[in-house]
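The values are calculated or read from the model by the stated rules, or taken from the named source; none is laboratory data. Fair warning: this is a prediction, and the values are worked out from it, not measured in the lab. Counting neighbours? That spans all protein chains shown, and the Cβs are built from the backbone with ideal geometry, glycine included. Keep in mind that these areas ignore ligands, DNA and RNA; they rest on the heavy atoms of the full protein, side chains included. Shrake-Rupley method; radii C 1.70, N 1.55, O 1.52, S 1.80 Å.
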Amino acid sequence: MREGRLAVITGAATGVGLAGGFIAVFLLALIRLITNIAFHQQVSIAPADPAGSPLGIAMIGIPIIGGIVVGIMARWGSPAIRGHGIPEVMDSVLHGESRIPPRLTILKPLSAAIAIGTGGPFGAEGPIIATGGALGSLLGQYAHVTSDERKTLLAAGAAAGMAATFGSPVSAVLLAVELLLFEYRARSIVPVSLAACAATAVRMAIFGPAPVFPMPDVSEPTGTALVCYALLGAVIGVVAVGITRSVYDVEDLFERLPIHWMWWPTIGAVVVGVLGYIDPRILGVGYDNITAILAGNFTIGVIAILVLLKFIAWTVYLGSGTSGGTLAPLFTFGSGLGAIVGGLLALHFPELGIAPPVAALVGMAAMFAGASRALLTSVVFAFETTRQPLGLLPLLAGCSAAYLVARMMMKHSIMTEKLARRGALVQDDYAVDFLARLTVDSAMTREVVTLASDAGANAVLVRLNAPESPGHQGFPVIDPSGNLVGVVTRRDLKVEHADDTLVGDLVKRAAAVIYSDQSLRDAADVMVRAGVGRLPVVSRDAPFTVVGIITRSDLLRAHAPRLAAAERRTGRFKLDEMLRRARPSR
């Protein structure tokens, strides 16, 4: 992308970021409004907690009403509002040219606000991210932009949604890189970064600069405590895999029901209503619960009940196909489990130096890392939302362990499992294209068989049909001055010609060429655009002088060293064999 074009897209992305920030604020206010009306019978956008509702047992019906409304909206509005948002955005990036239907810009946040405002145990961030992405996609569909630029605008809107929700611009950018962009290039990272900054500025202007999850100051961890936090992360990674599988197992159970899917959210809402009556704290987004856990304001028993009931309600309701986010519930489960483990260890083994608030912080981030596979996003998010720099080292240890364990146990994440079930191939490993690291000069054939433009076509064909002739299919044509005229193929020569037809007469168009200092990726792209299987190679100093030729076979052979290096093992000790011997026999 040229710098001028990058500046245009950056300006558009910044505008999307500002709009995304206001959309996030509006959606949060809408959720508060619906919560106040549903549970407190008052019209207000002040923070509202379903736990303080005076309805008593009647509050069981509130989530059910929300489930019915969401089912109706999905049936006659758009089925795409179902789910927690991020997988749907990923699908549009991977398979839909980053095109999100315009109606989702309205229906997704409205359905999420209804589901959450009526007690759905979800976070608002997933729908806000999806809505911001839809806004960026909408701009990209009406503006004169490429598919890649539209993807950047979509990612900018999504990052803006997360940044405005949590005041976490850096982790929002990392989330876009790890889950949406699938690249790290200036053409995308600059617009997305400024969009996240713009959205965060909107949040700070309205809600102030305070962290979303304030907690007590964290002290420097000891070496022993750091090991314990890493082991805690590994345990959380196992739990994250279990949670992911539970969500999709519940989805499979709903798929077997003999009723239309529009009624599934109503069934899920019944479970939410009953469990919410038992412990109203599980209802709604639950950001206050996370703050209380990180601050150590809940006892272990209270946390255990909260986590268990919210997990059941969230799993069933999300699996039913309603509209809501996954991040806040994951943070609740992770921080709760971390606080329980940390509290027990601190009580019975104080010599380990475990701090329960730090264990809760590590658990929160590790759960996100294990479930979403967004490692860097998880670490930075926990830091940005708590502003505890001394927690970075425990966070890195715990999240890395959770990420490793989750990858070993399950191929796909909670974000990509749905896409994988649809047959999509989703990669979460990023590396520079191998062909982009090699120059044409390193792989081209230097001894080029050329044809003279003034030679007779029939005579050349006879010569090429001789047993000792090269087996090439295409040949550069050179004029008497040594300059490249074009390329002819054996097929061109085999067509019946007059006796006086020259090779130069068979050239139909200017040759597609590649410079020797360009990459093999550039060569492959030129071949695709030109519809040819070979390219004459020229130098920048002499652009009409052939110095080599590159073919599709040369591009394939260039991968041989990479494959050999991946399989080559050096060193005196065979690590795999040592690990195998170390495993206990069964």
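Structural remarks
- Acute angle (nearest 10 degrees) that the helix 520-530 long axis makes with the longest principal axis of the chain, alpha-carbon atoms: 70
- Considering all C-alpha pairs of the chain, those separated by over 49 Å amount to 27%.
- In terms of accessible area, using a 1.4 Å probe and ignoring ligands and nucleic acids, Ser111, Ser453 rank largest first as Ser453, Ser111.
- Normalised contact order of segment 126-181, rounded percent, pairs of Cα under 8 Å and 6 or more residues apart: 37
- Pairwise centroid distance, computed over Cα atoms, of segment 242-272 with segment 160-231, Å: 32
- Between helix 86-95 and the chain: long-axis angle, C-alpha atoms, 0 to 90°, nearest 10: 10
- Ordering of 112-122, 369-379 by packing [mean C-beta count within 10 Å, highest first]: 112-122, 369-379
- Segment 126-219: trypsin sites (Lys or Arg not before Pro) falling in loop per DSSP and having at most 14 other Cβ within 10 Å: Arg185
- Spatially, segment 495-537 and segment 111-127 are offset by 58 Å when compared through their Cα centroids.
- Percent accessible area from carbon and sulfur atoms, the chain, protein chains only, probe 1.4 Å: 62
- With both labels modelled 7 Å from their Cα along Cα-to-Cβ, the Glu255 to Phe22 distance reads 4.2 nm.
- Count of lysine pairs in the chain with Cα separation under 27 Å (8 or more residues apart, or interchain): 9
- Using C-alpha pairs below 8 Å separated by at least 6 residues, the relative contact order for the chain is 14 percent.
- For the residues Glu183, Glu447, Glu220, a 1.4 Å probe over the protein chains yields an accessible-area ranking, largest first, of Glu447, Glu220, Glu183.
- Rounded Å value of the spacing that divides the Cα centres of segment 376-394 and segment 275-336: 21
- Taking the helices alone, the chain has a mean residue ellipticity at 222 nm of -19000 deg cm²/dmol, built from -39,500 (n - 2.57) per DSSP H run of at least 4 residues and averaged over all its residues.
- Accessible area per residue in Å² at 1.4 Å probe, computed on the chain: 45
- For Arg75 and Ala143, the difference between the fully extended length at 0.36 nm per residue and the C-alpha to C-alpha distance is 21.4 nm.
- Ranked by the mean number of other Cβ atoms within 10 Å of their residues, highest first, the peptides 392-399, 361-368, 284-291, 41-48 come out as 361-368, 392-399, 284-291, 41-48.
- Between helix 264-278 and the chain: long-axis angle, C-alpha atoms, 0 to 90°, nearest 10: 40
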